[in-house]
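Each reported figure results from applying straightforward, stated rules to the coordinates on display, with no laboratory input. Source: prediction; values computed, not measured. For neighbour counting, all protein chains shown are included, and Cβ atoms are generated from backbone atoms with ideal geometry for every residue, glycine included.
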Amino acid sequence: MVIKKKAVKFGNNINTDVILPGKYLELIDPKELGKHAMEGIDPDFSSKVKDGAILIGGKNFGCGSSREQAPIALKNAGVECVVSEYFARIFYRNCINIGLPAIEYENISENVEEGDIISVDLEKGIVTNESKDLTFKTAPIPKFLMTILQEGGLIEHLKKELGTKSSS
């Protein structure tokens, strides 16, 4: 699975309260959540990512509370992949669970500027800044997690698995 989009960049310690402010937790429509992603830190975020984007984060992206609405908001705003120097573990797993690819590369912030064209080969663990002709090798997403991503997230994966087993 290869994703190629423009970069939208943020710094270190972006917590889930910044990704989706608490006042929007009452919303249940994922598209509505997407309209409010990152609005406190970047009021133009929704318009920047509406046609798709790769979000570049610094260290400790997704720290804070374990709310799964944060990655849901990013995905429904138009973020197709998050690349960060490292993630808060629960945020990383919530991304995978909802079908939003997330991959770590230690020095990504130093090598990407807002608006650069980035391609990410999740299965090979290759991140390329096509605007600067730079390629970085990182750990690929493990096969079992790739399956979850390709099937649209954990719920869709489980539906498929349970459907397969119940029909045999």
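Couple of notes before you dig in:
- Relative contact order of segment 1-55, defined on C-alpha pairs under 8 angstrom at six or more residues apart (%): 49
- For segment 1-66, the fraction of C-alpha pairs farther apart than 16 angstrom is 50 percent.
- Convex hull (Cα only) mean projected area of the chain, reported in nm² to one decimal: 9.6
- With a cut-off of 11 Å between beta carbons, the residues surrounding Gly99 carry a summed charge of -2, where Lys and Arg count +1 and Asp and Glu -1.
- When you restrict to C-alpha pairs under 8 Å that are six or more residues apart and normalise by the size of segment 2-166, the relative contact order lands at 23 percent.
- With only the Cα atoms considered, segment 108-155 has a convex hull volume of 92 Å³ per residue.
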